[in-house]
1. Criterion first (at pLDDT 95 or above and closer than 20 Å to residue 206 by Cβ) does residue 69 satisfy it?
2. For the range 224-241, give me each residue that is in contact with a helix residue (DSSP H, G or I) (Cβ under 9 Å, 6 or more places away or on another chain) and part of a helix (DSSP H, G or I).
3. Please specify each residue of the range 233-251 satisfying the condition of being within 26 Å of the chain's Cα centre (by Cα) and either buried (at least 18 other Cβ atoms within 10 Å of the Cβ) or on the phi > 0 side of the Ramachandran plot (or both).
4. As an exercise: evaluate residue 96 against (1) farther than 28 Å from residue 219 by Cα; (2) touching a helix residue (DSSP H, G or I) at 6+ places or on another chain (Cβ under 9 Å) and give the number of the one condition it does not meet.
5. Closer than 22 Å to residue 153 by Cα, modelled with pLDDT of 95 or more and buried (at least 18 other Cβ atoms within 10 Å of the Cβ) - does that describe any residue in the range 403-422?
6. For residue 137, all conditions in the list (1) over 30 Å from residue 288 (Cα atoms); (2) touching a residue at least 60 places away in the same chain (Cβ under 8 Å); (3) surrounded by fewer than 21 Cβ atoms within 10 Å (Cβ to Cβ) hold save one; what is the number of the exception?
7. Would you check which residues across the range 411-440 are without any contact (Cβ under 8 Å) to a residue 40 or more places away in the chain and not in a loop (DSSP other than H, G, I, E, B) and list them?
8. Residue check: is residue 71 surrounded by fewer than 24 Cβ atoms within 10 Å (Cβ to Cβ), closer than 16 Å to residue 19 by Cα and either touching a residue at least 60 places away in the same chain (Cβ under 8 Å) or in contact with a strand residue (DSSP E or B) (Cβ under 8 Å, 6 or more places away or on another chain) (or both)?
């Protein structure tokens, strides 16, 4: 038997079954082919719009399997992708006609509470990390959806409720074990392979497969003041302007995001408001509950809300609070902008765009950044956009393929209207397709250095199924 693969230069290559059998024999995990019963399940990822058919899926059980898979891909110069949590909007976890290196079985998390360090395998989800670290009153700053994979999030930046007090996920990578395109395992840190360590912190999956991370942990109480405040859409423009002023004086420990969408059936929101257009203001404070009451008071006092769900919640509950709105299996298309501030024009554009939401699941959200995350030098690591204070993600989400055109058009329309107001940079994990053109892009002034490191580490461009960095 033979297997047809897509090569790095766009050709096809036939590889004899003897070679794939040798790969299979060298692994403890499974090597799935299109004829296998679990193949279709294994190639599915969070965004159901992605329907790619890899030639092989290597379900890795550990680092040895990753080494074997990378060596196979490099020897045959075939298209390769890496799956962690499979949550990436662009679907870079899978590829057509190539090899998927699947880390989803590698989810171990080991915490040392004395040194405040955690060793985390590359397939772990945010929920795995939170579960283990919170047993000791510790946490890694991560994202806001517990089913997201830690690897893709961390390598691209990673931000959420702990970013303003402590910094982004990428700021907490102390070291990593990465399998590079030459099929070798390299340990990277500030003192070992430092150039590569610099590159992976914000350069995405362009430099190899991270089998294991070492993260610095932060003290985070099991309970924190958190929850959303809900306002009617009719008041949204005025509320957003007032929010802009109040947010400027929030302490680093406090964070308030914004979401414009149709109201989900929140238990603290009266049923007559469910399904109506609203402005949600989810917020959180890291620290004592009484401090959180005081810190969030200025935001909660704005306007006349329909409901206020802010209260003490377990950190792990708050980290998974939005999971029910974002289960896998839906069709998703995003566009994103970075901003220094929320101008009146931007506020008006966002509110106007809610008048024609294509589905009940579509939304516009604004993440508030700054604080500690904004006080890192832009060239300290590959993650460059430290001056960003707000990120707008225009999130198209729907179930019926017949709505593809309408939902994409809605996303692109608002994206285009907001472009003149934006900074020209973008968060790498929010790029839905590889051909976006921006003035600063995902890597900004760090692009040239990243390309040089890529040229040394992966000259054949084995790892190109990302927001790509070309080797030179």
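1. Spelling it out, residue 69 is indeed at pLDDT 95 or above and closer than 20 Å to residue 206 by Cβ.
2. 233, 236, 237, 240, 241
3. Within the range 233-251, 240, 243, 247, 250 meet the criteria.
4. It fails just one condition, (2).
5. Looking for residues that are closer than 22 Å to residue 153 by Cα, modelled with pLDDT of 95 or more and buried (at least 18 other Cβ atoms within 10 Å of the Cβ), one finds none in the range 403-422, hence no.
6. The failed condition is (1).
7. 416, 420
8. yes
The values are calculated or read from the model by the stated rules, or taken from the named source; none is laboratory data. It should be emphasised that the depicted structure is a prediction, and the values quoted were computed from it without experimental measurement. When we count neighbours, we look across all protein chains shown, and the Cβ atoms used for this are built from the backbone with ideal geometry, even at glycine.
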